[in-house]
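Take a look at the structure below.
The values are calculated or read from the model by the stated rules, or taken from the named source; none is laboratory data. Because the structure is a prediction, the values reported are computed rather than measured. Cβ sites come from the backbone with ideal geometry, for glycine too, and all protein chains shown count toward neighbours.
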Amino acid sequence: MYDLIIIGAGPAGVAAGIYAVRQQLSILVISKDIGGQVAKKAVDIENYPGFEKISGPDLVELYKKQIKANELEVITNEEVVSVEVKGEREKVKGNFLVKTKSGKMYESIAVINTSGAESKLINVPGEEEFSGKGVSYCSLCDGPVFKNKIVAVVGGGNNGFESALFLSNYVPKIYILEYNDKVNADAENQELVAKNPNIEIITNAQVARIEGKVFVNAIVYKDRVSGEEKKLNVAGVFVEIGYSPATSFLNGLVELNEKQEVIFNPETLETKTPGLFSAGDCNVSRYKQIVMASGEGAKAALSAYNYIKKNK
Ligand SMILES: Cc1cc2nc3c(=O)[nH]c(=O)nc-3n(C[C@H](O)[C@H](O)[C@H](O)COP(=O)(O)OP(=O)(O)OC[C@H]3O[C@@H](n4cnc5c(N)ncnc54)[C@H](O)[C@@H]3O)c2cc1C
């Protein structure tokens, strides 16, 4: 039996571990990998305080060093498939049973879920090849890199519109490509975009492929009305069609919004189940960034400590 099990070892999970270990708790971290989305970030991170520039893999190496220095017990290459409250669900003050894909079972007084999210892909030729070489899933992270270049944003929802508005601080021209005949962003975002002469919305646009040599130089889409293929010469493609939070294994222990993000108490990061905390990109939040995930992880660890102290 552990005091605390942390699910996931991305920025939120690592921060939760570092904070929890200082509270002298017995902790187990179970994760598919170390670093989460950061491990996939090939180009530099330039908005994490303390580092003018650091690549994803370099930051992950630092996470690993810090995990070792703190003697945190981490099981990697393992997936949590369910979390249950021991005994009757209604008796929510029970201990937790965490089951993994390899058939192991672990018990703890409290759980912090930091299972993160993955950006949805458009699944077209060139997307994977040019990921980090012009294809980005995070305008806040990568926007400044495209200064003075022409870019496309795929997705006419709030994410796409807010990305385009942010990018307009840096670039002279932005195309928003929307698959449907109407965009889906809310009225406020539509008004802001309408006032911005640098943003052009193209509806009925089905992205066909992303082209380039070493880096992206064009996006090709099919006009769903005329059937014609059209090419836009762009240096960047921002895919903004939403996230898939990894929350399905939480078995009704947490309340989810329509995007399957975890709803939590903002003061404590606790979910509707006492003793089950949630932090990072899997949570309801408008912005998904390393600094925010880390902050939530730290906060959840301190709240979990208070919970464990009262319930041990
Ligand atoms: C390409 C790219 C570039 C980015 N660039 C930046 C940037 O420059 N600056 C910035 O601030 N942010 C950036 N971000 C966003 C940032 O990476 C995320 O906000 C951050 O990683 C979220 O941290 P997290 O710990 O909440 O989730 P994640 O990083 O998603 O980590 C989740 C962890 O949980 C594990 N996991 C998931 N499900 C299970 C399960 N069932 N069982 C066990 N383990 C599980 C995963 O393996 C992973 O270790 C970028 C994201 C991407 C994709």
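Some points to look at:
- For beta carbons closer than 9 Å, sequence separation of 6+ or different chains, a first residue in segment 264-278 that is farther than 10 Å from residue 253 by Cα and among the small types (Gly, Ala, Ser) and a second that is at pLDDT 95 or above and assigned to a loop (DSSP other than H, G, I, E, B), the qualifying pairs are 278/114; 278/115; 278/247; 278/254; 278/263; 278/264; 278/269; 278/271.
- Listed here are the strands (runs of 3 or more DSSP E) enclosed by segment 153-212 that have at least 1 residues being more than 26 Å from the chain's Cα centre (by Cα) and small (Gly, Ala, Ser): 205-212.
- Any hit, segment 259-272, residues being in contact with a Pro (Cβ under 9 Å, 6 or more places away or on another chain), near the ligand (Cβ under 9 Å from one of its atoms) and on the phi < 0 side of the Ramachandran plot: no
- Entry remark, segment 120-133: residues being touching a Lys or Arg at 6+ places or on another chain (Cβ under 9 Å) and of a type outside the set (Val, Ile, Thr) number 5 in total.
- Among the residues of segment 117-127, the ones that are surrounded by fewer than 17 Cβ atoms within 10 Å (Cβ to Cβ) and either of a type in the set (Phe, Trp, Tyr) or within 12 Å of the ligand (Cβ to nearest atom) (or both) come to 3 in all.
Yes or no, residue by residue, for (1) part of a strand (DSSP E or B); (2) near the ligand (Cβ under 9 Å from one of its atoms):
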| site | (1), (2) |
| --- | --- |
| 25 | no, no |
| 38 | no, yes |
| 61 | no, no |
| 74 | yes, no |
| 97 | yes, no |
| 102 | no, no |
| 106 | yes, no |
| 110 | yes, no |
| 115 | no, yes |
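- Test: residue in segment 142-149 that is small (Gly, Ala, Ser), part of a helix (DSSP H, G or I) and either away from the ligand (no atom under 13 Å from the Cβ) or touching a strand residue (DSSP E or B) at 6+ places or on another chain (Cβ under 7 Å) (or both): no
- Selection within segment 137-158 - at pLDDT below 95, touching a Phe, Trp or Tyr at 6+ places or on another chain (Cβ under 6 Å) and buried (at least 23 other Cβ atoms within 10 Å of the Cβ): 139
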